[in-house]
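Here the structure comes first, spelled out in structure tokens, and everything after it is commentary.
The values are calculated or read from the model by the stated rules, or taken from the named source; none is laboratory data. Remember, it's a predicted structure, so these values are computed and weren't measured experimentally. Don't worry about glycine lacking a Cβ; one is built from the backbone with ideal geometry, like all the others, and counts go over all protein chains shown. Please note that ligands, DNA and RNA were not included when accessible areas were found on the heavy atoms of the full protein model with its side chains. Shrake-Rupley method; radii C 1.70, N 1.55, O 1.52, S 1.80 Å.
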Amino acid sequence: MVYVKRGISVLTFFMGLTIFLVMLSFLFVPKNNMTEFGMEEVTANGILGEKENTIDVIVLGDSESYTSISPMHIFKETGYTAYVCGTSGQQLSYTKTMLHRAFEKQSPKIVIMETNAIFRKVSTVKAIVAKLSDFFSVFQYHNRWKSLNLNDIKGKVKFTWVNDFKGYQYRDGVSSGMDKDYMKPTDEVAGIPLLNLNYIDKIKSFCDENGAQLVFLSTPSTKNWNYSRHNAIRQLADELSCEYVDLNLLPAEVPINWNRDTYDKGDHLNYSGAVKVTNFLLKYLGKTQLLTDHRSDPAYEKWHDSLKKYEADIAEKLK
Amino acid sequence: MFHFQSYFSVQYLVFLLPITVILYAFLPQKARRVVLLVSSYLFFWAISGKLIVYLLFSTLSIHHIGLWLSRIQTDEEQRLQVTVKEQRKEIKACFLKKQRMVMAFAVILHIGILLTLKYTPFFASNVNTLFDFLHIGISVKIPSFLLPIGISFYTLQAVSYLFDVYRRKIPADQNLFRLALFMGFFPQIMEGPICRYSDTAHQLWEAPSIKWQNLTFGIQRILFGVMKKMVIADRLNLLIQNVFGKPQSYDGFVIMIVMVCYTIQLYMDFSGTMDLVIGSAQIFGVKLPENFQRPFFSRTISEFWKRWHITLGTWFKDYIFYPLSMSKPLKKLTARARKKVGNHFGPLLSGAIALFCVWVCNGLWHGAGWHYLFFGMYHFGLILCGNIVEPFVVRATGKLKIQRDSGWYRGMQIVRTGILVCVGELFFRAEGLRLGLDMFKKMFTNFTLTTLHDGKLFSFGMDRYDFLIVFVALIVIFMVSIWQEKGISLRAQIAAKPIALRYAVYYTLILAIVIFGAYGAGYVPVDPIYASF
């Protein structure tokens with residue numbers, strides 16, 4: 001009897017705790033996708049403000065993704081709509097979160113996963129916080145207690161902000177990063193942490209369930225990439241039956257000049273490098289024959305506005 | 001492989017502890033001991049990897065040396081039984097000499113390992129400085145050693161066990177596994193408390209079944225510790241790191257604030273860890289000794305050290321201070337001094353010598369650095385001065401008709417002690433003695449309230465809200481401390497309340513950690529400070 005009583009009291013306690021956490025999650029979740037509303041990683045989360053079912057391609061990954069791929073350039077040349085959901089030092093726990101968020105309002109046909117993040121060990125803490133945040137967003141947004149206001153109590157969640165660069169982050173400057181031997185062939189296979197493999201499996205399953213094609217893409221980087229990593233992703237892509245494109249092995253198609261196209265000694269690409277990668281990517285996307293040109297579609301009028309702003313901004317920056 | 005950063009890691013709180021508790025709860029008594037030992041070694045191995053050999057070596061060696069001492073003592077007893085009274089003294093002296101030789105070997109072995117691993121780089125770099133100063137063109141290579149986690153703690157436990165066997169306070173333990181559990185019990189291996197064999201070894205080996213009250217009280221104490229660490233200590237960290245990292249960029253007022261903040265951080269960090277450690281042990285029905293007793297209610301520095309890191313203080317008292325002050329040369333010195341300077345100041349001289357040794361050890365125990373030594377000397381100086389001036393203060397307050405037990409006088413003493421402690425912690429945390437002195441000087445030469453007026457103070461790592469939440473949490477802890485000081489067991493009080501009130505308290509504590517804890521984006525997990533000592 002004592003055990004039954006205790007069992008019930010423990011159960012009641014946890015039920016009460018769950019209710020409190022749910023309530024607090026409603027309170028703490030940002031009511032809009034802007035910094036002043038407490039949203040984190042606003043550039044990547046700009047996708048939440050995009051009109052429903054307008055994004056064809058999403059790009060996931062770390063800083064390699066958002067410095068290498070310019071969605072507005074793709075739109076200008078092909079009319080395909082892409083969004084880069086990459087964030088700095090992204091761990092796969094957050095990659096998964098971004099993927100799920102993106103699919104809440106969008107139905108992309110292609111999901112591009114920049115591969116550098118696959119090697120970044122997911123900390124157990126982040127994995128657990130991410131898992132808890134799936135159910136209780138208070139764990140992710142708890143620090144918003146500093147900026148809570150009345151609107152957080154009665155307001156509804158409505159994401160309105162759009163990013164004219166569609167997740168791309170412009171980088172200028174040149175800092176040479178020549179390293180001729182960085183892709184020296186080897187039979188070695190770089191290790192991918194077990195937890196990371198688990199996340200990749202989940203990402204792949206999610207894409208399959210939602211009818212999206214997962215593509216692994218390794219953008220050029222002399223600092224982050226090498227042949228053993230290539231081998232690891234090749235193996236992973238074969239196991240998961242995914243497409244894999246390693247731009248580090250395609251110098252003819254993506255002619256990166258390491259004396260001009262990087263701003264931090266080969267770690268990331270600058271704007272001129274990003275244009276080269278994007279030019280390759282838009283041709284690649286065309287070849288899939290999965291996407292349609294939206295340039296003359298009136299539903300995408302706002303994309304033209306964004307393109308104008310993007311071009312003006314880039315022209316200003318290039319001056 | 002599990003990677004444990006600290007007791008506050010998810011790996012400990014979500015995996016190791018709960019899994020150990022579940023296994024412990026459902027297994028028979030004999031298997032429970034095994035569970036505790038396996039968990040302890042798993043924890044140690046996960047943090048220190050192959051350095052676990054140091055712990056195994058220490059355990060094996062104290063087991064062997066303990067039995068060695070025991071054999072000598074048994075031999076001695078047997079010889080004494082068959083020896084005539086006149087010869088007993090001689091035999092006792094002979095066996096005492098043998099035991100002393102064994103103890104000297106044991107102490108050199110254990111303390112030697114600690115000194116080699118922890119202090120060789122410090123010693124080598126100082127030798128190089130000396131050579132440089134003397135313009136001798138030689139330099140000693142500075143070695144670097146990996147330190148197994150908790151070596152400063154379990155080495156003291158090992159030495160205390162051997163001394164207690166030597167002094168016949170406890171019999172040598174025949175059971176290697178019991179000794180292994182005493183040495184490596186996972187909740188206390190990283191930061192203590194420094195336990196005595198007589199306090200914990202048999203409790204652990206007994207492995208009692210888990211009791212509901214122990215379980216709930218243990219969890220409550222763990223949560224309270226997590227709150228101290230995550231809401232207060234870790235929130236203060238960024239500000240402290242910024243200012244101590246580049247003190248030349250800040251004025252005396254900021255340094256003063258950060259000096260107080262660091263003292264709070266250190267206390268919350270260490271006492272929070274102790275809450276977690278003692279709470280963890282309580283779940284298994286093991287009562288570990290307390291390491292803190294509201295130290296900031298102390299009226300003197302001497303009292304402060306009886307309330308702060310208690311197990312270290314008592315270790316130094318029992319194994320350094322008393323043996324030294326009771327040694328023949330110091331006894332002789334005391335007797336001579338008594339004749340010359342009287343009964344108060346006479347014993348002070350030999351006491352001061354023993355105290356000096358204690359504080360050199362205390363300073364250096366915290367780390368290999370001149371600022372740690374300075375920290376030790378600072379407290380030595382304060383305690384010694386306190387002892388010297390005490391009779392004059394008593395006389396003066398008597399003449400001035402000041403009630404030494406009155407509230408305001410006690411309050412003044414508490415504030416004075418707090419200030420002295422904060423100043424000591426400034427040197428303790430400063431990145432080098434010179435920087436510590438510069439920071440201390442700045443509090444007098446460059447004191448301005450500009451950063452407070454223009455609000456810049458809130459841009460150095462903690463904003464107004466951070467200060468506010470730390471303040472509120474400190475008020476809560478202050479209230480709890482007052483109750484504890486009055487001898488009220490808060491957990492027992494709460495347990496006696498109706499369920500709704502009980503749950504309200506628990507929810508408040510948990511949700512305070514969830515909302516106000518310094519974790520997630522923008523925060524880096526802070527390793528417990530004492531784990532690095």
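The table that follows gives values for the structure above.
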{"read-out": "Candidates A:V275, A:V215, filtered to the one that is touching a residue at least 12 places away in the same chain (Cβ under 8 Å), open to solvent by less than 20 Å² (accessible area, probe 1.4 Å) and under 30 Å from A:Q106 (Cα atoms)", "value": "A:V215"}
{"read-out": "Residue that is modelled with the highest pLDDT, among those in the range A:33-50 that are farther than 19 Å from A:F103 by Cβ, more than 13 Å from chain B (Cβ to nearest Cβ) and surrounded by fewer than 21 Cβ atoms within 10 Å (Cβ to Cβ)", "value": "A:M34"}
{"read-out": "Any chance A:Y94 is within 14 Å of chain B (Cβ to nearest Cβ), within 10 Å of the chain's Cα centre (by Cα) and open to solvent by 10 Å² or more (accessible area, probe 1.4 Å)", "value": "yes"}
{"read-out": "Residue ID - modelled with the lowest pLDDT, chosen from residues in the range B:104-137 that are over 20 Å from B:W365 (Cβ atoms) and touching a helix residue (DSSP H, G or I) at 6+ places or on another chain (Cβ under 9 Å)", "value": "B:G137"}
{"read-out": "The lone exception for B:G386 - which of (1) in the same structural domain as B:Y267 (by TED's automatic domain parsing); (2) over 19 Å from the mean Cα position of the chain (by Cα); (3) of a type outside the set (V, I, T); (4) closer than 23 Å to B:L266 by Cβ it fails", "value": "(1)"}
{"read-out": "Unique residue being touching a helix residue (DSSP H, G or I) at 6+ places or on another chain (Cβ under 7 Å), over 18 Å from B:T155 (Cα atoms) and at pLDDT below 90 when the list is B:I91, B:I72", "value": "B:I91"}
{"read-out": "Conditions (1) out of contact with any helix residue (DSSP H, G or I) (no Cβ under 9 Å at 6 or more places or on another chain); (2) over 30 Å from B:Y465 (Cα atoms); (3) free of Cβ contacts under 8 Å to residues at least 40 places away in the same chain: number failed by A:K204", "value": "(1)"}
{"read-out": "Pick from the range B:501-528, criterion of a type in the set (A, V, I, L, M, F, W, C), part of a loop (DSSP other than H, G, I, E, B) and more than 7 Å from chain A (Cβ to nearest Cβ), ranking: surrounded by the fewest Cβ atoms within 10 Å (Cβ to Cβ)", "value": "B:V524"}
{"read-out": "Residue within the range A:80-90 that is more than 14 Å from every other protein chain (Cβ to nearest Cβ), more than 24 Å from A:N210 (Cβ to Cβ), open to solvent by 20 Å² or more (accessible area, probe 1.4 Å) and within 19 Å of the chain's Cα centre (by Cα) present", "value": "no"}
{"read-out": "Test: B:L37 is closer than 20 Å to B:L176 by Cα, part of a helix (DSSP H, G or I), outside the structural domain of B:M230 (by TED's automatic domain parsing) and open to solvent by 30 Å² or more (accessible area, probe 1.4 Å)", "value": "no"}
{"read-out": "Filtered residues of the range A:294-318 (kept if within 23 Å of the chain's Cα centre (by Cα) and not in a helix (DSSP H, G or I))", "value": "A:H294"}
{"read-out": "Test: B:L115 is part of a helix (DSSP H, G or I), open to solvent by 20 Å² or more (accessible area, probe 1.4 Å) and either free of Cβ contacts under 8 Å to residues at least 24 places away in the same chain or among the small types (G, A, S) (or both)", "value": "yes"}
{"read-out": "Residue within the range B:138-149 that is at pLDDT below 95, of a type in the set (K, R) and not in a loop (DSSP other than H, G, I, E, B) present", "value": "no"}
{"read-out": "Enumeration of residues in the range A:1-32 that are over 23 Å from A:L132 (Cβ atoms), of a type in the set (A, V, I, L, M) and either surrounded by 11 or more Cβ atoms within 10 Å (Cβ to Cβ) or more than 12 Å from chain B (Cβ to nearest Cβ) (or both)", "value": "A:M1, A:V4"}
{"read-out": "Which listed residue is farther than 22 Å from B:G184 by Cα and in contact with a helix residue (DSSP H, G or I) (Cβ under 8 Å, 6 or more places away or on another chain), from B:V140, B:V159, B:V165", "value": "B:V140"}
{"read-out": "Test: residue in the range B:401-413 that is in contact (Cβ under 8 Å) with a residue 24 or more places away in the chain and in a helix (DSSP H, G or I)", "value": "yes"}
{"read-out": "Residue, modelled with the highest pLDDT, within the range B:426-447, restricted to residues that are open to solvent by less than 40 Å² (accessible area, probe 1.4 Å) and not in a helix (DSSP H, G or I)", "value": "B:A430"}
{"read-out": "Out of B:R178, B:R196, B:R167, sole residue that is of a type outside the set (S, T, Y) and open to solvent by 50 Å² or more (accessible area, probe 1.4 Å)", "value": "B:R167"}
{"read-out": "Restricting the range B:65-96 to residues that are surrounded by 11 or more Cβ atoms within 10 Å (Cβ to Cβ) and among the basic types (K, R), the residue that is nearest to the chain's Cα centre (by Cα)", "value": "B:R71"}
{"read-out": "Filter result (buried (at least 22 other Cβ atoms within 10 Å of the Cβ), among the polar types (S, T, N, Q) and within 14 Å of chain B (Cβ to nearest Cβ)) within the range A:102-161", "value": "A:Q140"}
{"read-out": "Any hit, the range B:210-218, residues being part of a helix (DSSP H, G or I) and open to solvent by less than 10 Å² (accessible area, probe 1.4 Å)", "value": "yes"}
{"read-out": "Residue count, the range A:13-26 (criterion: out of contact with any helix residue (DSSP H, G or I) (no Cβ under 6 Å at 6 or more places or on another chain) and farther than 12 Å from B:Y507 by Cβ)", "value": "2"}
{"read-out": "Selection count, the range B:1-59, where residues are of a type in the set (S, T, Y) and within 14 Å of chain A (Cβ to nearest Cβ)", "value": "4"}
{"read-out": "For B:G225: the one exception among (1) in contact (Cβ under 8 Å) with a residue 24 or more places away in the chain; (2) under 29 Å from B:I111 (Cα atoms)", "value": "(2)"}
{"read-out": "Selection status of A:N53, touching a residue at least 24 places away in the same chain (Cβ under 8 Å), away from every other protein chain (no Cβ under 14 Å) and at positive phi", "value": "yes"}
{"read-out": "Failed item, numbered, when A:Q169 is tested on (1) in contact with a Pro (Cβ under 9 Å, 6 or more places away or on another chain); (2) within 30 Å of A:W303 (Cβ to Cβ)", "value": "(1)"}
